[in-house]
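The values are calculated or read from the model by the stated rules, or taken from the named source; none is laboratory data. This is a predicted model, so every value here is computed, not measured. Please note: Cβ atoms are built from the backbone with ideal geometry, for glycine as well, and neighbour counts cover all protein chains shown.
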């Protein structure tokens, strides 16, 4: 009788597990990318020696993540995402484990509302319209100042797809009850993005007012305020997919303008075989008194749907008025695997 009761209990638990599985799911996924090469570093005015090294995220960003959803009924579902960057060369994780994304939300016909740490709309758009994505090669010597981060304490909204148009909004709360110093801004940040995709065409526009995005209390909050926009476009001609970006960032210190950063990038992905493609990017970033430039060529070869190898070279240059200039070359070969 005892054995029979146990069998009945096990059967009941199995039935519940199958039912729960039908209602919810959790996925482990990620990407492991590592490169070996000679990495140059710009350091005006004296320059810096190149270093032979093993580096993570040579062509694609290395990270692991967990994501899942549960059907709540009535067209609603609960969602979550946890993503952590990985330094493949050392095995180290970021000091804040899930610093890439860590949020929970609700999605339905209205779109999705997510709460927690989230990749900024600037970063998302910069990656989407860059033929090198978030790779080490794409940021060697060149990056738009407000693009490369995630925002803490954030509420985000993503609209449903409206005939190719998607609207996104993010707000990072200041979470600081202490009055900001007299020469500092209260914390917090807000960004709005519009994306339009139809056929081979992709368009994007992001606008933001950014002070601090990782407030933990205490004054001062932020001495700088960045009011920025970033525009992106892409078109797939079949024989080549072209990319373009343009952005501006007005940096102020409590009402005093420090400068206006102007950024642009042009690039392309050219398929050369069924498994291989050439990625090309040129960009420039400048402000009053300084200018950065970078040119990158990389070849990516897919060994399977998940695994690939690559090689690339970047030439970067910086010039600072009245100080001097410096240039650097980077050469890398690497491998990547998505899971």
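Any residue at all in region 28-45 that is within 26 Å of the chain's Cα centre (by Cα), at pLDDT 90 or above and loosely packed, with under 13 Cβ neighbours inside 10 Å?
Yes, there is a match, as at least one residue in region 28-45 is within 26 Å of the chain's Cα centre (by Cα), at pLDDT 90 or above and loosely packed, with under 13 Cβ neighbours inside 10 Å.
Is it true that residue 45 is outside any strand (DSSP E or B) and without any contact (Cβ under 8 Å) to a residue 60 or more places away in the chain? Spell out the reasoning first.
Numbers: outside any strand (DSSP E or B): yes; without any contact (Cβ under 8 Å) to a residue 60 or more places away in the chain: no.
No.
When region 148-166 is examined, which residues are found to be buried (at least 16 other Cβ atoms within 10 Å of the Cβ) and more than 22 Å from residue 82 (Cβ to Cβ)?
Once the filter is applied, which keeps residues that are buried (at least 16 other Cβ atoms within 10 Å of the Cβ) and more than 22 Å from residue 82 (Cβ to Cβ), region 148-166 yields only 166.
May I ask you to verify whether residue 62 is in contact with a helix residue (DSSP H, G or I) (Cβ under 8 Å, 6 or more places away or on another chain), over 25 Å from residue 188 (Cβ atoms) and crowded, with 17+ Cβ neighbours inside 10 Å?
no
Mind checking whether some residue in region 305-318 is in contact with a strand residue (DSSP E or B) (Cβ under 8 Å, 6 or more places away or on another chain), assigned to a strand (DSSP E or B) and loosely packed, with under 15 Cβ neighbours inside 10 Å?
Yes, because at least one residue in region 305-318 is in contact with a strand residue (DSSP E or B) (Cβ under 8 Å, 6 or more places away or on another chain), assigned to a strand (DSSP E or B) and loosely packed, with under 15 Cβ neighbours inside 10 Å.
Report yes if some residue within region 77-84 is at pLDDT 95 or above, surrounded by fewer than 17 Cβ atoms within 10 Å (Cβ to Cβ) and part of a strand (DSSP E or B); otherwise report no.
Checking region 77-84: at least one residue is at pLDDT 95 or above, surrounded by fewer than 17 Cβ atoms within 10 Å (Cβ to Cβ) and part of a strand (DSSP E or B).
Would you be able to tell me the number of residues in region 162-197 that are modelled with pLDDT of 95 or more, in a strand (DSSP E or B) and at positive phi?
Number of matching residues: 0.
All but one of (1) within 24 Å of residue 229 (Cβ to Cβ); (2) buried (at least 20 other Cβ atoms within 10 Å of the Cβ); (3) modelled with pLDDT under 90 hold for residue 136; which doesn't?
With respect to (1) within 24 Å of residue 229 (Cβ to Cβ); (2) buried (at least 20 other Cβ atoms within 10 Å of the Cβ); (3) modelled with pLDDT under 90, residue 136 is out only on (1).
Condition test on residue 107, is it modelled with pLDDT of 95 or more and surrounded by 14 or more Cβ atoms within 10 Å (Cβ to Cβ)?
Yes.
Could we say that residue 69 is at pLDDT 95 or above, part of a strand (DSSP E or B), under 23 Å from residue 167 (Cα atoms) and under 18 Å from the mean Cα position of the chain (by Cα) here?
Taking the combined requirement at face value, the residue does not satisfy it.
To keep it simple, each residue is scored yes or no on (1) surrounded by fewer than 22 Cβ atoms within 10 Å (Cβ to Cβ); (2) touching a strand residue (DSSP E or B) at 6+ places or on another chain (Cβ under 6 Å); (3) closer than 25 Å to residue 95 by Cβ; (4) at pLDDT 95 or above.
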| residue | (1), (2), (3), (4) |
| --- | --- |
| 199 | yes, no, no, yes |
| 203 | yes, yes, no, yes |
| 213 | no, yes, yes, no |
| 222 | no, yes, yes, no |
| 233 | yes, yes, no, yes |
| 239 | yes, no, no, yes |
| 242 | yes, yes, no, yes |
| 249 | no, yes, no, no |
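So the check is Cβ under 6 Å with 6+ separation or different chains; which pairs have a first residue in region 151-162 that's under 19 Å from residue 110 (Cβ atoms) and a second one that's crowded, with 22+ Cβ neighbours inside 10 Å?
154/118; 154/170; 154/172; 156/118; 156/170
When you look at residue 299, is it surrounded by fewer than 16 Cβ atoms within 10 Å (Cβ to Cβ), in a strand (DSSP E or B) and at pLDDT 90 or above, yes or no? Working first, answer last.
On the way: surrounded by fewer than 16 Cβ atoms within 10 Å (Cβ to Cβ): no; in a strand (DSSP E or B): yes; at pLDDT 90 or above: yes.
No; evaluated as a whole, the condition is false for this residue.
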